[in-house]
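Q: Please find one structure pasted underneath; my questions will follow.
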Amino acid sequence: MTAGRLIPARLKPTGRRALRAWQGHRRRRRVFFGSFGRTKPIDPYYGYSRGVPVDRVYIDRFVSDHADAISGHVLEVSSPTYTQRWGSNVERIDVLMVEEGNPVATVVADLAAAPHIASDTFDCAVITQTLQFIYDYEAAIATLYRVLKPGGTLLLTVPGITRISLDEDAQWGQWFHFTQRSLHRAVADVFGEDNVQSQGFGNVLTAASFLWGLAEHDLRPAQIAKRDPAYDVVVGVRATKKL
């Protein structure tokens, strides 16, 4: 294949001399990687040692944007953090864990198979960064649909571009990372297309920064807010159980 065929049509020069000039221009361009010319991240644990990890900014933004749904009887994973921060008119909080050992957990269950959780129980379920650890995630979505009351709302976030958490992968398996399209379809297959809203967060800079272990304060707010659908760092879904 010739060099000319590799050049995008809109950039192709018209003559041999122009082609040589264009190739030379490509050779002269250099990227200065600075601290990024390395094979290990700056912080190997998502950026927590530096401050608030980039993905947490997106998760917080998604949940806070849908805070109107967090009321009544709420189910949350691991801790009641988001319900306590943004819930209103909350009557009861149940905290879900897959195994014993969490002192604040009130429900111990695997979402992929949880017949002991009564159907039509919760007004809202806040399930953040959990689905990637459930191999049968479709069954988990079906369980969440079942345990919500008619009219109840699921607020669900999942990772897109991310590092693998080796400890959790060894314990439960980190099976999947999602795109906005894949998560939207998986939830819509259960809740119905008309009852699902999805939102992706991220761009090439925040994706790279998150992988390197940089934190919120390392980037400008406008850089974090920029959305590029080619780079899903976090995906959120709001789904409502039909009445």
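Derivation of every value follows stated rules applied to the coordinates shown; laboratory data play no part. Quick caveat: nothing in here was measured; it's all calculated off a predicted structure. As a convention, Cβ positions derive from the backbone with ideal geometry for all residues, glycine included, and neighbour counts pool all protein chains shown.
Q: Where in the chain is the longest stretch that carries no GluC sites (Glu not before Pro) classed as loop by DSSP and with at most 12 other Cβ atoms within 10 Å?
A: For GluC sites (Glu not before Pro) (loop position, at most 12 other Cβ atoms within 10 Å), the longest site-free span of the chain is 101-243.
Q: From Cα pairs below 8 angstrom and at least 6 apart in sequence, can you work out the relative contact order of the chain, rounded to a whole percent?
A: 21
Q: Suppose every K and R has +1 on its Cβ and every D and E has -1 on its Cβ; what is the size of the dipole of the chain about the Cα centre, in Debye to the nearest 20?
A: 2780
Q: What ratio of Cα Rg to 2.2 N^0.38 Å holds for region 36-159?
A: The reported ratio for this selection is 1.15.
Q: Read through the labelled values (i) 1.25; (ii) 0.99; (iii) 1.16 and report the label of the one computed as Cα Rg over 2.2 N^0.38 Å from the structure.
A: Label (i) holds the value from this structure.
Q: Along the charge dipole of the chain, Cβ charges K/R +1 and D/E -1, which of Leu214, Tyr137, Gly173 sits furthest on the positive end?
A: After comparing all options, I get Leu214.
Q: Using +1 at the C-beta of Lys and Arg and -1 at the C-beta of Asp and Glu, which of Val57, Phe33, Gly236 has the Cα lying farthest in the positive direction of the dipole of the chain?
A: Looking along the dipole axis, the top candidate is Phe33.
Q: Right, something else. Where does the chain land at 222 nm, in deg cm²/dmol rounded to the nearest 500, when only DSSP H runs of n ≥ 4 count, each adding -39500 (n - 2.57), divided by all residues?
A: Using -39500 (n - 2.57) per qualifying helix, the result is -9000 deg cm²/dmol.
Q: Follow-up question, since we're still on this one. I want the local charge near Ser71. Using Cβ-Cβ distances under 10 Å, sum +1 for each Lys or Arg and -1 for each Asp or Glu among the other residues.
A: With Lys, Arg at +1 and Asp, Glu at -1, the net is -3.
Q: Taking the Cα centroid of region 88-109 and of region 176-202, what is the distance between the two, rounded to the nearest whole Å?
A: Value for the Cα centre distance between the two parts: 25 Å.
Q: I would also like to ask the following. Does anyone have the angle between helix 137-147 and the longest principal axis of the chain? Alpha-carbon axes, 0 to 90°, nearest 10?
A: For 137-147 against the chain, the angle is about 40 degrees.
Q: Next up: Choose one of Ala114, Gly152, Thr162: the residue whose Cα lies farthest towards the positive end of the charge dipole of region 111-178 (beta-carbon charges +1 Lys, Arg; -1 Asp, Glu; about the Cα centre).
A: Of the candidates, Gly152 comes out farthest on the positive side.
Q: Sticking with this one: Quick check for me: using +1 on Lys/Arg Cβ and -1 on Asp/Glu Cβ, what's the dipole size of region 82-197 about its Cα centre, in debye to the nearest 20?
A: Here region 82-197 has a charge dipole of around 320 debye.
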